[in-house]
1. Given the conditions (1) outside the structural domain of residue 81 (by TED's automatic domain parsing); (2) surrounded by 14 or more Cβ atoms within 10 Å (Cβ to Cβ), report the number of the one that residue 172 does not fulfil.
2. Quick check on residue 350: is it in contact with a helix residue (DSSP H, G or I) (Cβ under 9 Å, 6 or more places away or on another chain) and either at pLDDT 75 or above or surrounded by 12 or more Cβ atoms within 10 Å (Cβ to Cβ) (or both)?
3. I want to confirm something. Restricting to region 380-402 and keeping residues that are over 17 Å from residue 451 (Cα atoms) and exposed (fewer than 12 other Cβ atoms within 10 Å of the Cβ), which single residue is modelled with the lowest pLDDT?
4. Residue by residue through region 193-240, note down the ones that are over 12 Å from the mean Cα position of the chain (by Cα) and outside any helix (DSSP H, G or I).
5. Give the residue that is nearest to residue 412 (Cα to Cα), with candidates limited to residues of region 439-475 that are outside any strand (DSSP E or B) and in contact with a strand residue (DSSP E or B) (Cβ under 6 Å, 6 or more places away or on another chain).
6. For residue 285, work out the one condition from (1) within 26 Å of residue 479 (Cβ to Cβ); (2) surrounded by fewer than 15 Cβ atoms within 10 Å (Cβ to Cβ); (3) modelled with pLDDT of 90 or more it doesn't fulfil.
7. As an exercise: evaluate residue 291 against (1) surrounded by fewer than 16 Cβ atoms within 10 Å (Cβ to Cβ); (2) part of a helix (DSSP H, G or I); (3) in contact with a strand residue (DSSP E or B) (Cβ under 9 Å, 6 or more places away or on another chain) and give the number of the one condition it does not meet.
């Protein structure tokens, strides 16, 4: 019969020649042929499965040799907008890669062909058949194809993912810019109270400057000494347990602890997808100016009310004082008539002396009540001409020194030009400064307060000096800050000197302090007079 080929499916099985069938070893030959056939069938099955997998793959699969595609699957062709038959043996990678990315792609292909790199994973921009730019992620490896090196790999169209990433990046950048440029302080804490983010306003509030994240991120705010001291730690702990809170005009200190301020603080628990608490959002706005202004207005209202009350009392006292003066004068006239009848007697002279004392003291009381009535207690800021020597004398009339060894020495320059300012504000300033000086000399031997005025460069300079313990160098720069005080809590909230500085600033003046620990303190107030304008006019 000769040789015959027997087809098995689409495969061909070779039959042994007839002359060998009956020879010795035919059985062994048959076995070899059968094993060979089974191996070929297994190989064909494997090729079918691979081709089926490649044809149905969601990733583009390619094989490059001699700078052209030797194989591409349908998904590869679909990504680029071509048909498979348009690509194989007709196109190369350069036809599909953007001009700007081609040098990178070409170099990566050459590295694998030459064996310098077995596999490379990277991204590039591609150009489709319709000239649309797409983003490609590729993973390629070096293989041997038909006895020569080639590159085989997979690629994915990641254009949508890239666009989503860009959108997310832009959104994050927008949110970051929004937070960083917000006029209020914003920060976040993790469940342990550790800072995870902080914006510029928050850094400025704490006095940290541009290196805020470096100094704050990773720091546990719950363990900060000022957070514990001012009671903020307890609120933060409750917020991390899921309880929102809001604090109004809450007192706090900056990062170094050298500046006190007030703030509105809102704590919002941050929840995850499952509803569990993952941290705390803190929104902070400084309210020091608001608190200072409110305190100033309250102080002005108090002064105004005291002024009206004092004026009312003075009016009520004037009538009985006038009656007392009149009757003391009448009594003196009666004594004169009595002396004409009985002659001068020692008892009558002594009685006359007593009546004169009553009259003098009654007139003194009347003068004091007149001064109270004439003081221009005013609400709001009204700039007028003020005689500083007269104002200081009026204030000193009401300053009581408790101890016999305490004294006030006045060294006033005359004549002083009038000061341009608001009399109510200046009265508050010097009442505060002199009262502070009285407190400072309390308990001191030979306690003395000096009140000096003089003219300096067409401005009135008022000095309030005491020989008290002085102000330590470590805090002398802080005494004009709101809420800073060295007194006991019952003696003040630390707003007096900050208000003094604000009042003096509003009328164009300055206030400063000179002091050394153990050597007393001197407060120097410079006030405008208007002399320069008059001379120029």
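The values are calculated or read from the model by the stated rules, or taken from the named source; none is laboratory data. Since this is a predicted model, take the numbers as computed values, not measurements. Neighbour counts are summed over all protein chains in view; Cβ atoms, including those assigned to glycine, are modelled from backbone coordinates with ideal geometry.
1. With (1) outside the structural domain of residue 81 (by TED's automatic domain parsing); (2) surrounded by 14 or more Cβ atoms within 10 Å (Cβ to Cβ) applied to residue 172, the lone miss is (2).
2. The answer is no for residue 350.
3. The qualifying residue modelled with the lowest pLDDT is 380.
4. Listed by number, the residues that qualify are 193, 194, 195, 196, 217, 218, 219, 220, 224, 230, 231.
5. 467
6. Here residue 285 clears every test but (2).
7. Going through the list (1) surrounded by fewer than 16 Cβ atoms within 10 Å (Cβ to Cβ); (2) part of a helix (DSSP H, G or I); (3) in contact with a strand residue (DSSP E or B) (Cβ under 9 Å, 6 or more places away or on another chain), residue 291 breaks only (1).
Here's the yes/no breakdown for (1) at positive phi; (2) at pLDDT 90 or above; (3) touching a strand residue (DSSP E or B) at 6+ places or on another chain (Cβ under 6 Å):
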site: 176; (1), (2), (3): no, no, no
site: 189; (1), (2), (3): no, yes, yes
site: 210; (1), (2), (3): no, no, no
site: 220; (1), (2), (3): no, yes, yes
site: 253; (1), (2), (3): no, no, yes
